[in-house]
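First up is the structure itself, then whatever we jot down about it.
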Amino acid sequence: MRRVSRGDRDAFAAVTAVHAPAIERFALRLLLQRQRAEEVLQETLMRAWREAARYDSDRARLSTWLHQIAHNLCIDILRRESREQPLTENADTTIGSEDSPETTLQRQEAHQQLTKAFSALSQRHRTALALTYYQALPNRDAAQIMGISIRALESLLIRARRELKTILEESA
Amino acid sequence: MKTSDSQSALSLERGVAILDAYGASPARWPEAQREAMLALLMRSSELRAHRDAAANLDSSLDLWDVQAKAHPFLLPESLPTQHAREQQRRDSLIDDLLSPLVGWQRLAFAAAPMMIGFFWGLQGTNAVEDWSTTEFSLLNPIPEVTSNE
């Protein structure tokens, strides 16, 4: 990142190649909209480029720092959108599969069911699950991104998983 | 020895909380408690049943396969880093100061402080050649004459 802060575009390209897919998946799980997730990814990378000199490797890992930027952007969008229209109405997280048509159909059904279940969770529950379960970040990093204690994170995770289980059982 | 201490310190209640929060995969458990958790699982059938239930939910969660699109991020050529922006700001400040001036005027502007110093030096007090007289006059000022009418 020191090279990036000095304007090294090649170094930045290497950073984006490693981290961009994870950031996009994270934004997609929070926002449930591909277009919005792509916007968040673009803005996250732009900010990382502009503010690279501010990154302190002693305070956070690079992936944590990038997730934190993306998280803040997602929160802004969710707050803004909740006043306009709910994102869940046009949830779009799917992408083409290379499996057989039957398997693809089954996967798509399960995928839609889960997208619906996730959209029913609160934003904080969804964020906690996305960071620890799907992004596989250590609990310390996830708590840092959300600005809460590890204890509070665990409490959110327990409630999120219980709620999700209930929703999935009811819809089955 | 530290490991065995932490293993014995992990209660069943804490084990259940870890499974409820992080799921069944040890990779997601808090690193500091992973070994103790595995040891506790070996001992407790109740915890193993709990782990199976957590694994069930995990397998459902794993179906939510969200993929990122493979699109390269193109950084706009015109977008500078913060470091470059600060440099630009300094450059533009100097440009703003010098912008009304052209060619030879800028040179004169830059050389002005040096010329002022040079002429100031030339017009300074004359050098004292005989220090003994100067010192004597400084140390022994002529007394003021007062009339006592």
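Tabulated values for the structure
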read-out: A:LEU157 being in contact with a Lys or Arg (Cβ under 9 Å, 6 or more places away or on another chain), part of a helix (DSSP H, G or I) and at pLDDT 95 or above; value: no
read-out: Residues within the range A:3-31 that are more than 12 Å from A:LEU66 (Cα to Cα), at the interface with chain B (Cβ under 10 Å from one of its Cβ atoms) and at pLDDT below 90, tallied; value: 9
read-out: Per-region count, the range A:1-33, residues touching a residue at least 12 places away in the same chain (Cβ under 8 Å), part of a helix (DSSP H, G or I) and farther than 19 Å from A:ARG61 by Cα; value: 4
read-out: Top-ranked residue of the range A:49-63 - restricted to ones that are assigned to a helix (DSSP H, G or I) and at pLDDT below 90, ranked as farthest from the chain's Cα centre (by Cα); value: A:ALA53
read-out: Flag if B:VAL66 is at pLDDT below 95 and either surrounded by 11 or more Cβ atoms within 10 Å (Cβ to Cβ) or assigned to a helix (DSSP H, G or I) (or both); value: yes
read-out: From the options B:LEU12, B:LEU40, B:LEU75, B:LEU61, residue that is among the hydrophobic types (A, V, I, L, M, F, W, C), closer than 30 Å to A:PRO21 by Cβ and at pLDDT 70 or above; value: B:LEU61
read-out: Test for A:ARG79: is it basic (Lys, Arg) and modelled with pLDDT under 95; value: yes
read-out: Tally of residues being facing another protein chain (nearest Cβ under 7 Å) and among the small types (Gly, Ala, Ser) across the range A:45-59; value: 2
read-out: Condition broken by A:ARG124, with the remaining ones in (1) buried (at least 18 other Cβ atoms within 10 Å of the Cβ); (2) more than 8 Å from every other protein chain (Cβ to nearest Cβ) satisfied; value: (1)
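The values are calculated or read from the model by the stated rules, or taken from the named source; none is laboratory data. It should be emphasised that the depicted structure is a prediction, and the values quoted were computed from it without experimental measurement. Positions of Cβ are generated from backbone atoms using ideal geometry, with glycine treated the same way; all protein chains shown enter the neighbour counts.
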